[in-house]
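Student: Have a look at this one.
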Amino acid sequence: MKRVLTGIQSTGVPHLGNILGAIVPAIELSRKEDTESFIFIADFHSLTTIKDAETRKKNVYSVAAAWIAFGFDTNKNFFYRQSKIPQVTELTWYLSCFTPFPMLANAHSFKDKSNRLSDVNAGLFVYPILMAADIIMYQANEVPVGKDQVQHIEIARDIAQHFNNSYGETFVLPKAVVDETVMIIPGIDGQKMSKSYNNFIDIFLPEKELEKQIKFIVTDSKELEESKNPDTCNVFKLFSLIADNSAINTMREKYIAGGYGYGHAKKELFNIILKKYKVQREKYNYFMQNTNELEALLRVGENKAAKVAQITLEDVRLKLGF
């Protein structure tokens, strides 16, 4: 059975871009009979930037609640917090002793901030080694990533290959899988939706707050009666990613005909989000109010993941003479 592994940063509530671009595709992939998915919440990684304990804990629950609300099967697959698998930190140390300094110095995660070294902590510098341990610990065959993360998978392969060459076949060499068809979800300002840009839509917000967020979507200044180009409108683009073909075609016709304002379009976007994600919103809110149930699900996944991790770690220890 093919093992596919995905790590999720615990930096806050998953937004619409995360859902459409990552969560839904990953869940669909996990449902294949020949696929075993390892989905982990990268809360160790988040410590490089998030220092507040309560914030990080809440972020972890938000991520977990969103994935479960969208139907990730925690029985068939593996769903766990990175921090609850102590084997990964031990493996990280072993791998760090096989990782040349220049490899880390050339990693994007470090180079992008290397002109401000006072802001770079050691955790950020060795980030690629922890990421390598996250992957090869579970003998993952494939790691779906964006283009900006391919280098980290290549580093993981290089480290694993170095170890294999020195001690015999130990790790599966992971393959980065970049889906060129993955949609780029526009944010409320037209750029790629991102927490970094603060241009995201949080579908789990209470209705009034969600409606307010949608009202901030940037549009041009055409008057109500004027014909409008749907293909250049952020509201229409977002609507098209969620609605069915009939609704999309109807909205397109309204744009072109005129007499239809952006306020109307935003209202329709708001309504389709409420309708399409009604069940997911309810489940998310339920789990956020009953985090004990989230804890129970995560612990089951963590017990399963720890058993897999322990097998790998014992093999590594034996080969290293520990």
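Student: Before anything else, pin down the relative contact order of the range 207-276: Cα pairs under 8 Å, at least 6 apart, normalised by residue count, whole percent.
Tutor: Values: 67 pairs, mean separation 28.9, N = 70.
Averaging sequence separation for qualifying contacts and normalising by length gives 41 percent for the range 207-276.
Student: Enumerate the residues in the range 203-225 having an amide nitrogen under 12 Å from the point lying 7 Å beyond the Cα of Val24 toward its Cβ.
Tutor: No residue passes the distance filter.
Student: I need the shape label for the range 1-44. Rule: rounded when a/c is under 1.5, else prolate if a/b > b/c, else oblate, with a, b, c from the alpha carbon gyration tensor. Intermediate values should be presented prior to the final figure.
Tutor: On the way: a/c = 4.12, a/b = 1.50, b/c = 2.75.
Note, shape of the range 1-44 comes out oblate.
Student: Follow-up. Please give the length that would be gained between Met1 and Lys113 if that part of the chain were fully extended, namely 0.36 nm times their separation in residues minus their C-alpha to C-alpha distance (nm, one decimal).
Tutor: Result for the pair: 36.4 nm of gain on full extension.
Student: Below 8 Å, C-alpha to C-alpha, sequence gap of six or more: please give me the relative contact order for the chain in percent. All intermediate terms of the calculation are to be shown ahead of the outcome.
Tutor: Working: 452 pairs, mean separation 68.1, N = 322.
Once normalised by length, the contact order is 21 percent.
Student: Could I ask something else about it? Using only Cα atoms, find the angle between the long axis of helix 127-136 and the longest principal axis of the chain, and express it within 0 to 90 degrees, rounded to the nearest 10.
Tutor: It is inclined by approximately 80 degrees.
Student: Of Thr6, Ile248, Phe216, which is farthest towards the positive pole of the chain's charge dipole, taken about the Cα centre with +1 and -1 on the beta-carbons of Lys, Arg and Asp, Glu respectively?
Tutor: The listed residue farthest towards the positive side: Phe216.
Student: If the chain between Thr232 and Val178 were fully stretched, how many nm would it gain, using 0.36 nm times the residue separation less the Cα-Cα distance? Display every interim value, and only then the final one.
Tutor: Details: separation 54, 0.36 × 54 = 19.44 nm, distance 2.67 nm.
Between Thr232 and Val178, full extension yields an extra 16.8 nm.
Student: With a ≥ b ≥ c taken as the square roots of the eigenvalues of the C-alpha gyration tensor of the range 113-183, please select rounded if a/c is under 1.5 and otherwise prolate if a/b is larger than b/c or oblate if it is not? Before the final figure, lay out each step's value.
Tutor: Numbers: a/c = 2.67, a/b = 1.19, b/c = 2.24.
Oblate shape, in that a/c is at least 1.5 and b/c is the bigger or equal ratio.
Student: Calculated FRET efficiency, Arg317 and Leu47, Cβ-Cβ r, R0 30 Å, to nearest 0.05? Kindly include the intermediate steps, with their values, before the conclusion.
Tutor: Numbers: r = 26 Å, r/R0 = 0.85.
Approximately 0.70, to the nearest 0.05.
Student: Let me ask something additional. For the peptides 95-106, 128-139, what is the packing order when you average, over each peptide's residues, the other Cβ atoms within 10 Å and list the highest mean first? List each step's numbers first, then the result.
Tutor: On the way: 95-106: 14.0, 128-139: 24.8.
The packing order, highest mean first, is 128-139, 95-106.
Student: Report the gain in length on full extension from Thr35 to Ala247: 0.36 nm times residue separation, minus Cα-Cα distance, nm rounded to one decimal. Each step should come with its number before you reach the end.
Tutor: Working: separation 212, 0.36 × 212 = 76.32 nm, distance 3.44 nm.
Full extension of this stretch gives 72.9 nm more.
Student: From the helices alone, meaning DSSP H stretches of at least four residues, give me the mean residue ellipticity at 222 nm for the chain, per-run term -39500 (n - 2.57), in deg cm²/dmol to the nearest 500. Mind dumping the intermediate values first?
Tutor: Working: 15 runs with 167 residues, N = 322.
Result for the chain: -16000 deg cm²/dmol, rounded to the nearest 500.
Student: Give, as ranges by residue number, the residues of the range 62-82 whose backbone N falls under 12 Å from the point 7 Å along Cα→Cβ of Val279.
Tutor: Residues 69-72 fall inside that zone.
Student: Still on this structure, I have one more. When a/c is below 1.5 the answer is rounded, else prolate if a/b is larger than b/c, else oblate, so apply that to the chain with a ≥ b ≥ c taken from the square roots of the Cα gyration tensor eigenvalues. Walk me through the numbers on the way to the answer.
Tutor: On the way: a/c = 2.23, a/b = 1.89, b/c = 1.18.
In terms of gyration-tensor shape, prolate.
Student: If you take every residue apart from Asn198 with its C-beta less than 13 Å away from the C-beta of Asn198, what net charge results, scoring Lys and Arg +1 and Asp and Glu -1? Working shown, then result.
Tutor: On the way: positive: Lys192, Lys195; negative: Asp189, Asp202.
Residues close to Asn198 contribute a combined charge of 0.
Student: Quote the FRET efficiency, to the nearest 0.05, computed for Lys212 versus Asn271 with a Förster distance R0 of 22 Å and r equal to the Cβ-Cβ distance. Before the final figure, lay out each step's value.
Tutor: Working: r = 15 Å, r/R0 = 0.67.
Approximately 0.90, to the nearest 0.05.
Student: Still on this model: Spin-label point model (7 Å from Cα, Cβ direction): what's the Tyr167 to Val120 distance in nm?
Tutor: Inter-label distance under the simple model: 2.8 nm.
Student: Ok, one more. GNM on the chain, C-alpha springs below 10 Å: top fluctuator among Gly259, Gly187, Gly17?
Tutor: Maximum fluctuation in the GNM of the chain, among the listed residues, is at Gly259.
Student: Using only the alpha carbons, work out the radius of gyration and Dmax of the range 207-276 in angstrom.
Tutor: Cα only, the range 207-276: 11.3, 31 Å (Rg, Dmax).
Student: Extending each Cα 7 Å along its Cβ direction at Asp220 and Lys147, get the distance between those two points in nm, one decimal.
Tutor: Taking the two extended label points, one gets 2.7 nm.
Readers should treat all values here as calculations from the given coordinates under stated rules, not as data from a laboratory. Since the structure is predicted, the reported quantities are computational estimates derived from the model, not experimental observations. Note: ideal-geometry Cβ built from the backbone for every residue, glycine included; neighbour counts use all protein chains shown.
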